[in-house]
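S.K.: Following this message is one structure expressed as structure tokens.
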Amino acid sequence: MSSGPEKPARVPPRWFIRSAWAVHRGLYRLTGGRFGLWSPRTKGWGTMHLTTIGRRSGAERGVILGYFEDDDRYVTLAMNGWADPDPAWWLNLQAHPEARLVVADREYTVRGHAATTGERERLWARWQELDKGLDELADRRSRETAVVVLEPIDTT
């Protein structure tokens, strides 16, 4: 017996996504960073705070993103809540690749770039393990979702 056609992945309304992330960032700021970030787990991603430099304003811009670790690198997706345009933080990082990254217990200066073809496939597969609906959500966008790799810079 067939269960019928599969329902498309449900994504909350845009206003809800934007509001939820604004509240998350606000709690992070209000608590001085004590609330809002967590480390990834074996079967789940963590959250980090990334501060980029605005491509037009030159001002610092902060965002909280999901991530997982790949050796000593941090991997996230430029997904913009699954809306079609690329997120501003990713456009800023492309213009100014150096940024500041805060994870649950560390802070780094990092350099970001889009994963290359083979690397992207491997890292996307890891995201698929962490988020079973990833492909269906990514298909909602007209462009490929960039897999962004953030590498700590040795500043010593």
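S.K.: If Lys and Arg each add +1 and Asp and Glu each add -1, what is the summed charge of the other residues whose beta carbon sits under 10 Å from the beta carbon of Ala95? Please report the intermediate quantities before stating the final value.
M.R.: Working: positive: Arg55, Arg56; negative: none.
Cβ neighbours under 10 Å give a net charge of +2.
S.K.: A further question on this structure: When a footprinting reagent is the concern and you count Cβ atoms within 10 Å, what order do Ser39, Ser142 take, fewest first?
M.R.: With the fewest neighbours first, Ser39, Ser142 line up as Ser142, Ser39.
S.K.: Report the paramagnetic label zone for Ser39: residues of region 124-156 whose backbone N is under 18 Å from a point 7 Å from Cα along the Cα-to-Cβ axis.
M.R.: The answer is 152.
S.K.: Peptides 100-107, 116-123: what's the order by average Cβ count within 10 Å, highest mean first?
M.R.: Most protected by this proxy first, the peptides run 100-107, 116-123.
S.K.: Then there's this: If you plug each phi of region 63-74 into the Karplus form 6.51 cos²θ - 1.76 cosθ + 1.60 with θ = phi - 60°, what whole-Hz ³J(HN,Hα) values come out, in order, with x for Gly and Pro?
M.R.: Each residue of region 63-74 in turn: 8, 9, 10, x, 7, 9, 9, 10, 6, 9, 10, 10 Hz.
S.K.: Could you give the length gained by full extension between Gln128 and Ala95, i.e. 0.36 nm per residue of separation minus their alpha carbon distance, to one decimal place? Don't skip to the end; give the middle numbers.
M.R.: Numbers: separation 33, 0.36 × 33 = 11.88 nm, distance 2.82 nm.
Working it through step by step, the gained length comes to 9.1 nm.
S.K.: Find the relative contact order for region 36-152 and round it to a whole percent, using C-alpha pairs within less than 8 Å whose residues are 6+ positions apart.
M.R.: Details: 210 pairs, mean separation 33.9, N = 117.
Relative contact order here is 29 percent.
S.K.: Given +1 on the Cβ of Lys and Arg, -1 on the Cβ of Asp and Glu, and no further charges, what dipole in debye does region 65-105 carry about its Cα centre, rounded to the nearest 20?
M.R.: 180 debye
S.K.: From the phi of every residue in region 41-49, what ³J(HN,Hα) in whole Hz does the Karplus formula 6.51 cos²θ - 1.76 cosθ + 1.60 yield, where θ is phi - 60° and glycine or proline is x?
M.R.: 10, 3, 10, x, 8, x, 10, 9, 10
Every number here is computed from the coordinates shown, using simple stated rules; none is lab data. Note that the structure is a prediction, hence the values are computed from the model and not measured. Note that we place each Cβ from the backbone using ideal geometry, even for glycine, and neighbour counts take in every protein chain shown.
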